1. State the extension gain, in nm to one decimal, for the chain segment bounded by residue 193 and residue 133, taking 0.36 nm per residue of separation less the distance between their alpha-carbons.
2. Obtain the nm distance between the two label points defined at residue 59 and residue 108 by a simple spin-label model: each point lies 7 Å from its Cα along the Cα-to-C-beta direction.
3. Going by how many other beta carbons lie within 10 Å of each one, how would you line up 123, 210, fewest first?
4. With runs of 4+ DSSP H residues as the only contributors, calculate the mean residue ellipticity of the chain at 222 nm using -39,500 (n - 2.57) per run, divided by the residue total and rounded to the nearest 500.
5. Between residue 180 and residue 37, what's the calculated FRET efficiency when r is the beta-carbon distance and R0 is 30 Å? Round to 0.05.
6. Rounded if a/c is under 1.5, else prolate if a/b beats b/c, else oblate: with a ≥ b ≥ c from the C-alpha gyration tensor eigenvalues square-rooted, which is the range 101-182?
7. Given the options 44, 82, 175, which has the most mean-square fluctuation in a GNM of the chain, springs set between C-alpha atoms less than 10 angstrom apart?
8. Tilt of helix 18-29 relative to the longest C-alpha principal axis of the chain, in degrees (0 to 90, nearest 10)?
């Protein structure tokens, strides 16, 4: 009979970038650390300082996919990715409260007359469509994955939907925040099947993360 102690190491998917920078100290407070620094290594899978855990480092959107499909047992990912890609098949037991920001629309001016149809550039295609549809606004959503602020400047789009932290990049390019869509922070998510098969270990990790946050 298979028990937790005979299973493969629990796999936790981590999100690259700012979230990773803020996640590693939090994990260290829980006694969980990768043996190599994932910020400088080219490796993608990292053994941990305990044999029953390992880490993988991915893009945020891929964290959602890996955990949903069960390739990873748990993950640490921004709420924006959960809103965009859906949280089906996942538990979301903990808000880690790190990498806080917001999802907003932005453009040149709130008073600008844009006509009856908007062109909106964003990598958050599903969020944008839902937001404008809820307002009764016809929006042509243009998928874009970098330099979002350039789209209005080059007349590719009237508005953008993007993550806003300080707002400095918007201001530097002559744009202003227009509408708040959602507050974003980093969540610990768990595959529903893994929560049953790895319940004891996952519960211990969630409890340690709660203590670290407190």
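1. Working: separation 60, 0.36 × 60 = 21.60 nm, distance 3.41 nm.
Full extension from residue 193 to residue 133 adds 18.2 nm.
2. 3.1
3. Values: 123 18, 210 14.
Ascending number of Cβ neighbours within 10 Å: 210, 123.
4. Values: 8 runs with 69 residues, N = 214.
Theoretical 222 nm ellipticity from helices: -9000 deg cm²/dmol.
5. On the way: r = 36 Å, r/R0 = 1.19.
It comes out at approximately 0.25.
6. On the way: a/c = 1.38, a/b = 1.21, b/c = 1.14.
The shape class here is rounded.
7. So, out of 44, 82, 175, the one fluctuating most is 44.
8. Between the helix axis and the principal axis of the chain, the angle is about 30 degrees.
Quick note: the coordinates plus some simple rules give every number you see, no bench work behind them. Please read these numbers as outputs of a predicted model, since none were measured by experiment. Cβ: placed from backbone, ideal geometry, glycine included. Neighbour counts: every protein chain shown.
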